[in-house]
Each structure stands twice: as C-alpha cells, then as structure tokens.
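Have a look at the structure below, then the notes.
The values are calculated or read from the model by the stated rules, or taken from the named source; none is laboratory data. These figures come from a predicted structure and were not determined experimentally. Cβ atoms come from the backbone with ideal geometry, glycine included; neighbour counts cover every protein chain shown.
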Amino acid sequence: MANHNSNVKSLESWIWDAACSIRGAKDAPKYKDYILPLIFTKRLCDVFDDELNRIAVEVGTRKKAFQLVKADKKLVRFSLPLMPDDPEQPVWSVIRKLSDRIGEGVTTHMRAIARDNPLLQGIIDRVDFNATTHGQRDLDDDRLSNLIEAISTKRLGLDDVEADIIGKSYEYLIRKFAEGGGQSAGEFYTPGEVGEIMARVLAPEPGMDIYDPTCGSGGLLIKCELAMEASMKNAPQANHAPLKLFGQEYVPETWAMANMNMIIHDMEGQIEIGDTFKNPKFRNTQGKLRTFDRVVANPMWNQDWFTEADYDNDELDRFPAGAGFPGKSSADWGWIQHMHASLKATGRAAVVLDTGAASRGSGNAGTNKEKTVRQWFVDHDLLESVLYLPENLFYNTTAPGIVLFLNRAKTKARQGKVFLVNASQVFEKGDPKNFIPDEGIQRLASTLIGWKEEEKLSRIVEHAELKKNDYNISPSRYIHTSDAETYRPIAEIVEELNAIELEARETDKALRNILVQLGVAT
C-alpha cells in the first residue's frame with residue numbers, strides 16, 4: 001500500500017512541476033486550459049502505444065498494428081491519427097518533435113484526434129494553442145515547448161500508471177489550479193474531503209444512476225464511484241457493475257475538464273453542457289425529468305439571476321404548489337427542488353449550500369419565501385440530516401457551508417426527525433485552506449450514517465423542535481461546540497439581517513406601487 005501511495009505522490013509532484021514549467025506556480029492556474037488537455041493527450045498517446053504493442057505481438061510489427069487500427073478503430077478505446085515516421089517510435093513523439101510553429105502543430109494534432117474520436121469532440125479540440133491577444137501569443141512556443149518537454153519525462157501508459165493513480169494525480173492538478181484560481185475556483189472544484197463524506201453517506205450500490213446537475217470538473221461523481229468500489233472491496237462477488245454517472249455543466253471549459261477527468265479515471269459517464277436550471281438535459285421519453293438513485297451537487301451559492309418568470313415557466317413539476325418559489329435573492333432552495341424532482345421514489349441526495357440556506361427567514365415576523373420552501377421539505381419528511389462544515393474549506397469563499405442530505409424513503413425509526421451535525425471544529429489548519437483530516441472524514445461519515453449523537457457534535461432533533469424554532473435547521477442553532485459559544489455565528493446573523501432588509505425593501509416597493517395606483521403617492 002505504501003508503494004501505491006508513493007507512486008501517487010511522485011506522479012503528483014511531477015504533474016505539478018510540469019504545470020509550473022510554463023511560468024512558475026503562481027501563473028500555472030491561468031494556463032489550466034492548455035495544461036489539462038496536454039497531459040490528457042499524453043495519457044491517450046501512451047495508452048494507445050500499449051494497445052499497439054499488444055496487437056503487434058499478435059501480428060508481428062507495430063507498422064502492421066498501425067494499419068490494422070486504422071482499418072478498424074474498434075480495436076482500441078481511442079484511435080490516434082498520429083503516425084511517427086518510424087513506427088517503432090512512441091506516438092507522443094509526433095507532438096514532442098514539433099520544432100517550429102509548435103502552437104499551430106499542437107492545435108492541428110488535437111483537432112485530428114477529436115475528429116477521429118467523437119467522444120473527444122469539444123473536449124480536447126476547443127483550445128487554440130496558437131491564440132493571441134492584441135497580437136501577442138497567449139502561450140508562446142518557447143513556453144509551450146518547455147511544457148511538452150516536462151510532460152514527456154514520464155510515461156503514462158497502462159503498464160506505468162494504474163487508472164486510479166493517474167486519476168488521483170489529475171484530480172490533484174485540478175485542486176492545485178483551484179487553490180490559485182481565486183473566485184472562479186469554487187465553480188469547478190469541491191474540496192475532496194467534503195465529496196468523500198457525501199459519497200460515503202449516500203452509499204451508492206453497484207449499477208446505480210448518479211447525477212450531478214452542476215458537476216464542475218466531475219469530482220463529486222468520481223467520489224461516488226470510488227466510495228462504491230471501496231465498499232465492494234471485501235464483497236464475495238469480484239465483478240460488480242460500475243455506477244452510471246450523469247452530469248451537466250454550464251461553463252464550456254469546465255464541461256471539457258469534467259469529461260477529461262472522467263476518462264482519465266477510466267470511468268464512463270455522460271456529461272451534458274448547458275444551464276440545468278433553465279434547461280435540464282436529462283429527460284425521460286415523455287420529456288419529463290429523468291430520475292436517479294442518487295444526486296450529489298455543489299451548485300453556485302445564492303444565485304440571484306433566476307426570476308419569478310423562470311420558475312413560472314417551469315413545465316417539469318419541479319416547484320410544487322405548496323412549497324412555492326424561493327424568491328430572487330437566492331436560488332439555493334430552487335436547486336434543492338430541482339434535485340428532489342430528479343430523485344427516484346427511493347432516491348437520496350447530498351447538496352452543498354451556503355449556511356444561510358438553513359436559517360434565512362426564520363424568526364421573521366412575516367413570511368419568507370425561502371423559509372416556506374424549507375418548511376415544505378421538513379413537513380414532507382424529506383430532510384434526513386444537515387452537516388455544518390468548518391470554515392475556510394472552499395476555494396472561492398471563507399464561509400463554512402452546509403451539506404443537506406435528502407431521503408425520499410426514510411426508515412420508520414427516522415421519520416419525524418432530522419439529524420444535525422455541527423462539524424465546525426473538525427478541521428486542521430492548512431495553507432491556503434483548512435482541511436478535514438482522514439480521521440475527521442471517517443468520524444463525520446460514520447456519525448451521519450449511524451445517526452450517532454455526541455455532545456458538542458451531533459443531535460437528533462424532532463420536527464416539533466424545528467417548528468418551534470421557525471424551521472431554522474442550522475446545526476449551529478442546536479449544537480454549541482464550546483461552553484463559551486452560546487451565540488450564533490456572526491455571518492449567520494448578518495445573512496438573516498440582509499434577508500429581513502431585502503424583504504422590507506420588497507414590501508415597501510409593493511406598498512408604494514399600490515399607493516401610486518390609488519393616486520395617493522407619485
């Protein structure tokens with residue numbers, strides 16, 4: 001096992017050094033759209049070489065193997081139209097030997113590979129390695145040549161690197177880009193330990209359908225597959241069906257990243273592109289929402305660009321009459337409604353949200369749209385548990401975040417109750433971000449799975465108590481982690497005050513409109 005881990009570590013440091021060969025660690029994240037496809041292509045080339053060698057053993061020469069594959073592409077997983085002058089040379093050498101107009105050459109080769117493999121279209125051919133801004137090359141040939149050379153120093157074939165090692169290393173690279181990516185980072189990466197806890201608690205079983213409507217780089221889907229495989233390690237049947245992974249992503253570059261991440265992990269899935277909220281791509285034969293066994297997601301928090309019209313125009317029964325719409329200032333509960341509508345009758349979901357989603361509107365004198373939706377989920381006994389995370393885990397915010405677990409088929413013993421976990425103290429300080437250590441992941445996952453109550457960590461709360469607290473479901477409201485902390489986090493109170501202020505403004509506006517119509521005001 002130690003050997004396996006050291007392989008991962010050495011590949012991770014190599015992969016990061018290769019990324020830094022352009023302009024050092026500080027600038028590497030800016031070039032992720034060049035670096036990720038190149039490392040991905042190196043893996044494709046080396047695997048293709050291994051497959052050619054296997055065929056050559058049977059037919060005599062690599063030259064014959066090339067001809068056979070050209071005639072029948074089904075002999076290999078991905079057919080690469082890169083032919084070295086000497087067929088004994090590695091396929092990657094076609095890219096490595098480019099000496100002038102390198103950017104143009106790489107772009108041409110990537111496009112040729114995509115043309116030959118419909119699965120890779122839009123994924124590796126979307127970047128122009130020759131692109132310029134104001135007449136200046138974005139990535140000049142010298143730096144591109146350094147990058148190709150750095151990538152060339154390690155072989156990434158089937159005999160060199162197992163799928164899980166290359167997968168972990170690729171995921172590591174994505175995480176490193178997130179660290180330096182500032183505000184945009186959270187749009188494509190959820191901290192690995194959060195994903196691992198979600199996957200373990202959801203306990204997906206072989207052959208299940210897993211869906212992420214805002215899949216970013218695909219990490220949460222991959223975590224589910226890894227959790228299922230880990231749980232089957234000691235199972236009597238060696239051969240079990242993999243999970244069927246489905247995701248949708250709005251940003252084209254991130255959609256490409258998710259596809260590469262999935263393929264490099266040797267997992268098969270379907271990642272669609274587009275705005276899930278306005279146009280979910282996964283539909284059944286009647287055009288309604290397709291449903292899944294499990295849903296995992298970390299949608300962008302507090303999106304405010306969906307209007308009443310967007311909710312009104314919905315023809316997919318995602319927003320039940322009794323729950324209504326969550327209002328314009330935050331789509332958090334709108335996303336939960338979409339995910340609930342995407343679950344099978346026995347389905348379960350885990351969703352990462354801003355902490356404010358657990359408490360906004362509670363304690364107000366008037367009605368609050370978000371609170372009304374939250375109440376609907378509690379009253380319909382769909383909410384299984386809420387995990388309050390430590391702060392400063394996420395790359396685009398220092399806010400703590402929560403994970404909501406939904407279950408459409410709660411066991412009798414758990415009906416009428418919600419399990420709350422306040423993990424605000426379960427972390428270690430890291431640079432640049434805090435992290436949950438392995439024993440913390442284990443502790444939180446087993447606490448959530450077993451509904452284990454522990455002082456200052458977790459509590460089973462009856463619906464009657466949630467109702468008494470006006471449907472505030474934030475664990476920090478019910479579980480105080482230290483003797484001194486009898487107050488709620490400032491951030492949560494500020495969130496609430498903002499919501500009250502927004503509500504007051506909306507009420508004033510509505511009142512003003514009425515007075516104008518009555519001719520009392522102008």
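Quick grid of which residues meet (1) in contact (Cβ under 8 Å) with a residue 40 or more places away in the chain; (2) assigned by TED's automatic domain parsing to the domain that holds residue 27:
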{"site": "131", "(1), (2)": "no, yes"}
{"site": "134", "(1), (2)": "no, yes"}
{"site": "140", "(1), (2)": "no, yes"}
{"site": "158", "(1), (2)": "yes, yes"}
{"site": "163", "(1), (2)": "yes, yes"}
{"site": "166", "(1), (2)": "yes, yes"}
{"site": "195", "(1), (2)": "yes, no"}
### Message
Looking at the range 97-109, can you tell me whether even one residue there is at pLDDT 95 or above, in contact with a Ser or Thr (Cβ under 9 Å, 6 or more places away or on another chain) and loosely packed, with under 15 Cβ neighbours inside 10 Å?
### Response
no
#### Entry: Residue check for residue 349: among the small types (Gly, Ala, Ser) and either in contact with a Cys (Cβ under 7 Å, 6 or more places away or on another chain) or closer than 30 Å to residue 289 by Cα (or both)
yes
### So residue 63, is it in contact with a Pro (Cβ under 6 Å, 6 or more places away or on another chain), charged (D, E, K, R) and farther than 19 Å from residue 105 by Cα
yes
### Query
Is one or more of the residues making up the range 231-241 at pLDDT 95 or above and not β-branched (Val, Ile, Thr)?
no
### Query
In the range 119-164, what count of residues is obtained for those that are of a type in the set (D, E, K, R), over 21 Å from residue 102 (Cα atoms) and surrounded by fewer than 14 Cβ atoms within 10 Å (Cβ to Cβ)?
1
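Condition check ((1) in contact with a Gly (Cβ under 8 Å, 6 or more places away or on another chain); (2) closer than 21 Å to residue 125 by Cα; (3) free of Cβ contacts under 8 Å to residues at least 40 places away in the same chain) across all residues:
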site: 14; (1), (2), (3): no, no, no
site: 22; (1), (2), (3): no, yes, no
site: 42; (1), (2), (3): no, yes, no
site: 45; (1), (2), (3): no, yes, no
site: 56; (1), (2), (3): no, no, yes
site: 59; (1), (2), (3): no, no, yes
site: 65; (1), (2), (3): no, no, yes
site: 74; (1), (2), (3): no, no, yes
### Task
Return a yes/no flag: does the range 420-434 have any residue that is more than 20 Å from residue 352 (Cβ to Cβ) and in contact (Cβ under 8 Å) with a residue 24 or more places away in the chain.
no
### Query
Given (1) among the β-branched types (Val, Ile, Thr); (2) part of a helix (DSSP H, G or I); (3) modelled with pLDDT of 95 or more, where does residue 8 come up short, assuming only one miss?
(3)
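To keep it simple, each residue is scored yes or no on (1) modelled with pLDDT under 95; (2) in a strand (DSSP E or B); (3) outside the structural domain of residue 454 (by TED's automatic domain parsing).
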{"position": "390", "(1), (2), (3)": "no, no, no"}
{"position": "394", "(1), (2), (3)": "yes, no, no"}
{"position": "398", "(1), (2), (3)": "yes, no, no"}
{"position": "405", "(1), (2), (3)": "no, yes, no"}
{"position": "418", "(1), (2), (3)": "no, yes, no"}
{"position": "421", "(1), (2), (3)": "no, yes, no"}
{"position": "426", "(1), (2), (3)": "no, no, no"}
{"position": "430", "(1), (2), (3)": "yes, no, no"}
{"position": "439", "(1), (2), (3)": "no, no, no"}
### Task
Examine the range 50-65 for a residue that is at pLDDT below 95 and closer than 24 Å to residue 271 by Cβ, and state whether such a residue exists.
no
### Residue within the range 83-95 that is without any contact (Cβ under 8 Å) to a residue 12 or more places away in the chain and either not in a loop (DSSP other than H, G, I, E, B) or not assigned by TED's automatic domain parsing to the domain that holds residue 156 (or both) present
yes
### Task
Can you confirm whether the range 42-49 contains a residue that is among the β-branched types (Val, Ile, Thr), at pLDDT below 95, within 28 Å of residue 145 (Cβ to Cβ) and in the same structural domain as residue 148 (by TED's automatic domain parsing)?
no
### Task
Report the residue count in the range 101-130 for those that are part of a loop (DSSP other than H, G, I, E, B), more than 26 Å from the chain's Cα centre (by Cα) and among the charged types (D, E, K, R).
1
## Note on the structure
A careful count of residues in the range 366-412 that are without any contact (Cβ under 8 Å) to a residue 40 or more places away in the chain and either under 18 Å from residue 463 (Cα atoms) or in contact with a Ser or Thr (Cβ under 8 Å, 6 or more places away or on another chain) (or both) gives 5
### Task
Hey, can you tell me all the residues within the range 370-392 that are surrounded by fewer than 22 Cβ atoms within 10 Å (Cβ to Cβ) and in contact with a strand residue (DSSP E or B) (Cβ under 8 Å, 6 or more places away or on another chain)?
377, 378, 382
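Within the range 298-351, which residues are aliphatic (A, V, I, L, M) and either touching a strand residue (DSSP E or B) at 6+ places or on another chain (Cβ under 7 Å) or without any contact (Cβ under 8 Å) to a residue 40 or more places away in the chain (or both)? Before you say what the answer is, go through the steps one by one.
Of the range 298-351, the ones aliphatic (A, V, I, L, M) are 300, 309, 316, 321, 323, 331, 336, 339, 341, 343, 345, 349-351.
Matches in the range 298-351: 309, 316, 321, 336, 339, 341, 343, 349, 350, 351.
Conditions tested, residue by residue: (1) touching a Ser or Thr at 6+ places or on another chain (Cβ under 7 Å); (2) surrounded by 23 or more Cβ atoms within 10 Å (Cβ to Cβ); (3) not charged (D, E, K, R).
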| residue | (1), (2), (3) |
| --- | --- |
| 246 | no, no, yes |
| 252 | no, no, yes |
| 266 | no, no, no |
| 269 | no, yes, yes |
| 280 | no, no, yes |
| 284 | no, no, yes |
| 297 | yes, yes, yes |
